[in-house]
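Below: the structure, in structure tokens.
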Amino acid sequence: VLLNDDLLRETVEFTAPSPVEASTHLDLAILLANARQLWRFHARDSEITEKLESFIQKVLEAPNSWQLYSAGLFWRSKIESDRGRTMERACLQFKALAEQVDFCDNSETVISRLPWSFSVYFPSEWECDREQGLLFASLGAFKTALDIFERREMFEEAVQCLINLGRIDDAQSVVVTQLERFPEDAKLICVHGDVKK
């Protein structure tokens, strides 16, 4: 998904680029692993964000592996979902990633996607939809987020959206229905407490 912003450039443009040796798939997989470790185990300050962006930019410069390139797009979208000027692209990119995970028209497409699939973390279609729903909820688009969460049966997130929409009775109905199915689920019991205050 293109950025389409008048002020913010797609990538850094150098005046005199130096010749850079092409990276192998293994190098790119290692960069993605480093990016994931930075994301999970460090505070997200400007220094870490810049380091993450440089790793991801390097991966996106070599789009010759579906798995590596898609993982790079996912991590770029996670980084961009925190910024006002890039939130829209992040949201659209999560949607596009979820759709492309599901779209495999023949066995050749599947076989072309298999290399590096065990070396690189790439989320499921379900998780891409969840990221998109959480982003919509953080933007205040609770109805759109609710549609995503209901479709994916993410009941805790759906209840939170219903509460934010002021539909307390619907939220309580969803929680009670799920507690009948899973009476020992601690998370649902906590959500039920939140609904009842």
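The values are calculated or read from the model by the stated rules, or taken from the named source; none is laboratory data. Predicted model only: the values in this text are computed from it and were never measured. Virtual Cβ from ideal backbone geometry, glycine too; neighbours counted across all protein chains shown. Just so you know, the surface numbers come from the protein's heavy atoms only, side chains and all, with ligands and any DNA or RNA stripped out. Shrake-Rupley method; radii C 1.70, N 1.55, O 1.52, S 1.80 Å.
Structure notes:
- Report note on the peptides 163-172, 137-146: ranked by the mean count of other C-beta atoms within 10 Å, highest first, their order is 137-146, 163-172.
- Global dimensions of the range 141-197 from alpha-carbon coordinates: Rg and Dmax equal 10.4, 31 Å.
- Crossing angle, helix 66-80 versus the chain [Cα axis fit, 0-90 degrees, rounded to tens]: 60 degrees
- Evaluated over the chain, the Cα radius of gyration and Dmax, each in Å: 19.7, 65
- Centre-to-centre, using Cα atoms only, the range 121-186 and the range 17-92 are separated by 28 Å.
- Principal-axis tilt of helix 125-138 within the chain, Cα atoms, nearest 10 degrees: 70 degrees
- Most fluctuating residue given options Val120, Val175, Val59, as computed from a GNM of the chain linking Cα atoms under 10 Å: Val175
- Net lengthening on full extension, Asn34/Ala62 (0.36 nm per residue, minus Cα-Cα): 8.4 nm
- With 5 Å bins from 0: P(r) over the range 28-86, alpha-carbon pairs, percent: 4, 20, 33, 25, 13, 5, 0
- Solvent-accessible area, 1.4 Å probe, carbon plus sulfur percent, for the chain: 53 percent
- Label zone at Ser119, where the point sits 7 Å out along the Cα-to-Cβ direction: the range 64-91 residues whose backbone N lies under 18 Å: 64-73
- Take every pair of alpha-carbon atoms less than 8 Å apart whose residues are at least six positions apart; their mean separation over the length of the chain yields a relative contact order of 14 percent.
- The charge dipole of the range 19-147, taken about its Cα centre with unit charges on the Cβ of Lys, Arg, Asp and Glu (plus for the first two, minus for the last two), comes to roughly 320 debye.
- Charge dipole magnitude, Cβ of K and R +1, D and E -1 - the range 89-194, Cα centre, debye nearest 20: 320 debye
- Rolling a 1.4 Å probe over the protein heavy atoms gives the chain an accessible area of 62 Å² per residue.
- Taking the charge dipole of the range 107-159 about its Cα centre, with +1 at Lys and Arg Cβ atoms and -1 at Asp and Glu Cβ atoms, the residue from Val120, Val159, Leu146 reaching farthest to the positive side is Val120.
- Sum of -39500 (n - 2.57) over DSSP H runs of 4+, divided by residues of the chain (222 nm, nearest 500): -20500 deg cm²/dmol
- Listed residue (Ile30, Ala96, Val176) projecting farthest to the positive dipole end of the chain, Cβ model: Val176
- The chain: angle of helix 186-196 to the longest principal axis, Cα-based, in degrees nearest 10: 60 degrees
- Stokes-Einstein diffusion for the range 63-167, with the hydrodynamic radius set to the Kirkwood value over Cα pairs and evaluated at 10 °C in a medium of 1.306 mPa s, equals 109 µm²/s.
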